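Colleague: There's a structure below that I have some questions on.
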Amino acid sequence: MCLTSSGLHHSSFPELLRRTTDTSPIAVAMALRLGKVLNCDPSRDSLAKARTAALNDASYLRRLWDEAGVEHLLVEDGYPQPMVDQADMSDETGLPISRVARLEPWIVELRDQVNGFAELEDAFAARAEQAIADGAVAFKSIIAYRSGLDVSSWSGNDVESAFQAWRAAGWTESREHAKPVRDMLLRRALAVAASAGGVPVHVHCGGGDPAIVLSHSRPSDIFPLLSQHLGQPIVLIHSGWPWIEEAAYIASVLPHVYLDTSLSTPWSSIAVDNRLELMLGIAPPAKVMYGSDEASEPEVIWLSSILAREALERVLRRAIDHGYLDEKHATRIGVDVLGGNAKRLHGIAL
């Protein structure tokens, strides 16, 4: 999935990916558990045949949601492109969906329609304001993939010159030309979110697919920006994976920085307990929110939810055994991490 999303292809990849998938704990878990649901052998051919038949039954996905306790989806609309219609997605899944509006597609759409950065900024802000008016519960930025998390402030002349140079270069991504433009547009999105009453802004933080600007994707890179927006709720998507301790520390010292568990859940597989212990042991549990990073098959939503619930139960049970929590407080933390914290932050009825 990471190779596909970053547009990488090579003749050696298919066989390599088959071998790595066959030994990946998360893929094995999917096969074993889905085989039980579909009452078939957990082999590729058997699962494919049984799943194809099951998808023709409208009750199949509902059965998965009921088993996993999934009742609501927060869906970011930026991947894949063209955007999947969220009303259709809600109809097909049978679940209510709250929209998280990604910023980057607006930049791509608007930059050819304007003469300079000032026009782009105004059009971008209008698009952000309209998204909130249309019901979006948050914004999302993947600036870590484009120019890095070390967001700076730029003068009007500098950012205008950078915009024109970026255009002349055919919109080729670079930290020399694209970065000033992207930095200032993210700052404008934060201003729009704040003026709308503190709409949360989600920021991809940490590693991702091979297209990431890895040298500028750590939680520490975005710390100066976070420190300048102490009153604005900002969610570090993926909790800075693999630098989770760094992100958890930041969430522990800055009042409105939150963490999302995705990548750890479900993709860290047998390492998930350790990842959750770091988040919940360092950051306030009231600022940790479950996420699945699901962007492919719907069964990943089901499997991720089940594996995360099981891991969270193990982690909280150990906290009880070691005298940090009792049953009442552990249950409250579990309920909040699995949904309550996200609902409160995004204004979704509990």
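Colleague: Say we look at region 225-253 and pick out the residues that are within 22 Å of Glu277 (Cα to Cα) and among the hydroxyl-bearing types (Ser, Thr, Tyr); which of these is surrounded by the fewest Cβ atoms within 10 Å (Cβ to Cβ)?
Modeller: Per the criteria, the residue is Ser252.
Colleague: Please state which of the following conditions Arg188 fails to meet, knowing it meets all the rest: (1) out of contact with any strand residue (DSSP E or B) (no Cβ under 7 Å at 6 or more places or on another chain); (2) part of a loop (DSSP other than H, G, I, E, B); (3) in contact (Cβ under 8 Å) with a residue 40 or more places away in the chain.
Modeller: Going through (1) out of contact with any strand residue (DSSP E or B) (no Cβ under 7 Å at 6 or more places or on another chain); (2) part of a loop (DSSP other than H, G, I, E, B); (3) in contact (Cβ under 8 Å) with a residue 40 or more places away in the chain one by one, Arg188 breaks only (2).
Colleague: Tell me, which residue of region 175-185 that is of a type outside the set (Asp, Glu) and not in a helix (DSSP H, G or I) is farthest from Asn115 (Cα to Cα)?
Modeller: Arg175
Colleague: Filter region 104-117 down to the residues that are in a helix (DSSP H, G or I) and touching a helix residue (DSSP H, G or I) at 6+ places or on another chain (Cβ under 8 Å), then identify the one that is surrounded by the fewest Cβ atoms within 10 Å (Cβ to Cβ).
Modeller: The qualifying residue surrounded by the fewest Cβ atoms within 10 Å (Cβ to Cβ) is Gln113.
Colleague: Would you be able to tell me the number of residues in region 1-44 that are part of a helix (DSSP H, G or I), farther than 23 Å from Leu263 by Cα and at pLDDT 95 or above?
Modeller: 4
Colleague: Which residues, taken from region 139-190, are on the phi > 0 side of the Ramachandran plot and crowded, with 20+ Cβ neighbours inside 10 Å?
Modeller: Gly148
Colleague: Considering every residue within region 63-70, establish whether at least one is at pLDDT 95 or above and in a loop (DSSP other than H, G, I, E, B).
Modeller: The answer is yes; a qualifying residue exists.
Colleague: Only one residue in Ile301, Ile250 is part of a helix (DSSP H, G or I) and out of contact with any strand residue (DSSP E or B) (no Cβ under 6 Å at 6 or more places or on another chain). Which one?
Modeller: Being part of a helix (DSSP H, G or I) and out of contact with any strand residue (DSSP E or B) (no Cβ under 6 Å at 6 or more places or on another chain) holds for just one of Ile301, Ile250, which is Ile301.
Colleague: Across region 77-103, what is the number of residues that are more than 25 Å from Ser59 (Cα to Cα), assigned to a strand (DSSP E or B) and not basic (Lys, Arg)?
Modeller: Of the residues in that region, 2 qualify.
Colleague: Out of Gln86, Gln81, I need the residue that is exposed (fewer than 13 other Cβ atoms within 10 Å of the Cβ), within 30 Å of Ala193 (Cα to Cα), among the polar types (S, T, N, Q) and out of contact with any Leu (no Cβ under 8 Å at 6 or more places or on another chain). Which one?
Modeller: Gln81
Colleague: Counting only residues that are of a type in the set (A, V, I, L, M) and part of a loop (DSSP other than H, G, I, E, B), how many does region 162-174 have?
Modeller: 1
Colleague: Another question, then. When residues of region 192-221 are filtered for being in a helix (DSSP H, G or I), touching an Asp or Glu at 6+ places or on another chain (Cβ under 9 Å) and crowded, with 19+ Cβ neighbours inside 10 Å, how many remain?
Modeller: 3
Colleague: Out of the residues in region 296-350 meeting the condition of being among the basic types (Lys, Arg) and within 19 Å of Ser98 (Cβ to Cβ), tell me which one is surrounded by the fewest Cβ atoms within 10 Å (Cβ to Cβ).
Modeller: Checking each candidate, the answer is Arg344.
The values are calculated or read from the model by the stated rules, or taken from the named source; none is laboratory data. If you're wondering where the values come from, they're calculated on a predicted model, not measured in any experiment. Reconstructed Cβ throughout: ideal geometry from the backbone, glycine too, with neighbour counts over all protein chains shown.
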